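Encoded as structure tokens, the structure appears first; notes follow it.
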């Protein structure tokens, strides 16, 4: 567990689906300094089962998100074990009794952080990968006046039905472990998490990634080694209820459910005023490019650049230098784009 | 369990990976009549978790495989609960003690059926979907002199590494059920089979199939109804050890492991003399078109027609009339193709 971060406590944080966290704890880390006129802030929410450190590959003096120039705020997703989560919340909202948290709840907490706590009225850029992209789209819909630019990558404005099937398979697998005990486990359901990792493995990278043994670039010499050393290692220390809480959030992501949008996805996307550049990955199996290409058609001035290659969803993970450079280049280009007073 | 079939007993059937079934029982059904000069035989092996009835949608008087013209032999895959399987084999090879069976073992048993039992020396066509395609490629490599034409659909000559990851996720999920008891269950591990079905669901159809709610064409009105009424229903009556036995067979399919081929896939494919027409499905997530397109480049005269559409792997299942018509048309065209004395 990381301790190199700060916590904002949000007393009596009422959740969209019911329940109140007293308090909600929003963990975040900032990089760089806010300038005097507060016009250099970037918000970069985290992905499923990641934390603020997961985003650091895209922040640095050799990157577009140069902390000498920008003030980058990385809030941790609720449920990730650092912000309020089943694993770190006291009774009565601990473990299996942790309430359902939506993407909008995350955005609302982050809004308090950005405005009330940090005193920022406008974000030069909101960006994020995967569940970070879900949050990016929601920011652009809920707070169009605050978001100058949006760069969602390997994500979508709404979790698709197929993606729901994938999520459901993860949930079904993890909870099948008898040790899970309906979330009231004493010892972690490790066998369940291992099987969960195996299911995830097939979806995380493309068919060609495995076919070409591209995992060798990550230091693994056999497929079995990769399944254990990469995939199991990625999840085995996660708390099962935390994983399930994040899955719930992911599954129910939908900007069209934003109050005032009446379930109309085109209307929700049409309300975005941010300069939006979406970066789906060519071979992403659960956030396929079609989702963001279709979405961009309804966003005024919305643009898409498909990240080419065979890394699938993990294209957005930063481990492949070519993909990282592509994403960094897109961030640089978008930050150089004027916003015509919009946003 | 179907009883509308015949059984060929193969005494002392020694398996490639060790162990002997005494006897092996090969279940099969034939359609039509063998003509006098024995030149109208077609072999049509079955897919994972299917049986001879699973193939009947492609056989009929309104189909290219017209039983008034062709003698169609449908052998059941070992492990499918009709041919020798963990669920129907006596000790010492029952249940979890059933030996590993390869695709080549299946082909060898079918060869005995075709030649010694039915007296056929040449097959006008071998065809099959998915694991049926694995068998089709193996037939074309092992018995080039017997196979005039080969039409594998939604398959490959070798199970790819990514496909192995998918198979491994199914195995990990099913065996996670505490009721599985290392294969020595008394009551079936239904929770494991249900979770297995959920994992399978994401892979069986394409992202767009779910996105467009195409399951409505199969009579389901909600996603949840489809996951239970279609996917769970498809697997819930299957024996868990049978499923795992077939998964093992699938996982280890590889024509390059044929004796004499020295693990060289190009050499194995290059040895095929059948007129080969492969039909991968455009959006198949675990036998993607690339596999068969690449394979065809090494098969002399090998051709590929990609089946367009969003039904994914289940394109080959016969449930979508447009896909069924496409496949039937390809069978018709291939049967009309001369073989230049080859095969």
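The values are calculated or read from the model by the stated rules, or taken from the named source; none is laboratory data. The structure displayed is predicted, hence computed values, not measured ones. We place every Cβ from the backbone using ideal geometry, glycine too, and count neighbours over all the protein chains shown.
Can you confirm whether residue B:178 is within 30 Å of residue A:214 (Cβ to Cβ) and either at pLDDT 95 or above or crowded, with 23+ Cβ neighbours inside 10 Å (or both)?
no
In this structure, does residue A:268 turn out to be closer than 19 Å to residue A:104 by Cα, in a helix (DSSP H, G or I) and in contact with a strand residue (DSSP E or B) (Cβ under 8 Å, 6 or more places away or on another chain)?
Judged against the criteria, residue A:268 is not a match.
When you look at residue A:302, is it over 24 Å from residue A:62 (Cα atoms) and in contact with a strand residue (DSSP E or B) (Cβ under 9 Å, 6 or more places away or on another chain), yes or no?
Judged against the criteria, residue A:302 is a match.
So which residues in region B:213-256 are more than 9 Å from every other protein chain (Cβ to nearest Cβ), farther than 28 Å from residue B:79 by Cβ and in a loop (DSSP other than H, G, I, E, B), if there are any at all?
Matches in region B:213-256: B:219, B:220, B:221, B:222.
Cβ contacts < 6 Å: first residue within 14 Å of another protein chain (Cβ to nearest Cβ), restricted to region B:269-290; second residue surrounded by 23 or more Cβ atoms within 10 Å (Cβ to Cβ) and part of a loop (DSSP other than H, G, I, E, B), any location; separation 6+ or different chain. Result?
B:281/B:154; B:283/B:206; B:284/B:154; B:287/B:154; B:287/B:155; B:287/B:156; B:289/B:280
So, in region A:26-36, how many residues would count as being without any contact (Cβ under 8 Å) to a residue 60 or more places away in the chain and not in a strand (DSSP E or B)?
Total meeting the criteria: 4.
Could you tell me which of the residues B:38, B:33, B:68 is within 17 Å of residue B:115 (Cβ to Cβ), loosely packed, with under 15 Cβ neighbours inside 10 Å, assigned by TED's automatic domain parsing to the domain that holds residue B:319 and out of contact with any helix residue (DSSP H, G or I) (no Cβ under 7 Å at 6 or more places or on another chain)?
B:38
Is one or more of the residues making up region B:137-159 over 24 Å from residue B:53 (Cβ atoms), within 9 Å of another protein chain (Cβ to nearest Cβ) and in contact with a helix residue (DSSP H, G or I) (Cβ under 7 Å, 6 or more places away or on another chain)?
No, every residue in region B:137-159 fails to be over 24 Å from residue B:53 (Cβ atoms), within 9 Å of another protein chain (Cβ to nearest Cβ) and in contact with a helix residue (DSSP H, G or I) (Cβ under 7 Å, 6 or more places away or on another chain).
How many residues are in a loop (DSSP other than H, G, I, E, B), over 15 Å from the mean Cα position of the chain (by Cα) and within 21 Å of residue A:335 (Cα to Cα) when one looks only at region A:37-93?
Within region A:37-93, residues that are in a loop (DSSP other than H, G, I, E, B), over 15 Å from the mean Cα position of the chain (by Cα) and within 21 Å of residue A:335 (Cα to Cα) number 14.
Every residue in region B:295-330 that is without any contact (Cβ under 8 Å) to a residue 12 or more places away in the chain and either closer than 23 Å to residue B:207 by Cβ or out of contact with any helix residue (DSSP H, G or I) (no Cβ under 9 Å at 6 or more places or on another chain) (or both), please.
The answer is B:321, B:325.
Of the numbered conditions (1) outside the structural domain of residue A:210 (by TED's automatic domain parsing); (2) part of a helix (DSSP H, G or I); (3) over 20 Å from residue A:143 (Cα atoms), residue A:309 fails exactly one; give the number of that condition.
Failed condition: (2).
So residue B:96 passes all but one of these: (1) outside any helix (DSSP H, G or I); (2) touching a helix residue (DSSP H, G or I) at 6+ places or on another chain (Cβ under 8 Å); (3) in contact (Cβ under 8 Å) with a residue 60 or more places away in the chain; (4) closer than 25 Å to residue B:238 by Cβ. Which condition number does it fail?
If we test residue B:96 against (1) outside any helix (DSSP H, G or I); (2) touching a helix residue (DSSP H, G or I) at 6+ places or on another chain (Cβ under 8 Å); (3) in contact (Cβ under 8 Å) with a residue 60 or more places away in the chain; (4) closer than 25 Å to residue B:238 by Cβ, just (1) comes out false.
Of the residues A:181, A:171, only one is within 14 Å of chain B (Cβ to nearest Cβ), assigned to a helix (DSSP H, G or I) and under 23 Å from the mean Cα position of the chain (by Cα); which?
A:171
Looking at residue B:112, is it at pLDDT 95 or above, at negative phi and buried (at least 22 other Cβ atoms within 10 Å of the Cβ)?
No, not satisfied.
Quick one: how many residues across region A:1-25 are touching a helix residue (DSSP H, G or I) at 6+ places or on another chain (Cβ under 7 Å) and in a loop (DSSP other than H, G, I, E, B)?
Residues meeting the conditions: 4.
Please go through region A:192-212 and pick out each residue that is in a helix (DSSP H, G or I), within 22 Å of the chain's Cα centre (by Cα) and either more than 8 Å from every other protein chain (Cβ to nearest Cβ) or closer than 13 Å to residue A:314 by Cα (or both).
The answer is A:193, A:196, A:197, A:200, A:201, A:202, A:203, A:204.
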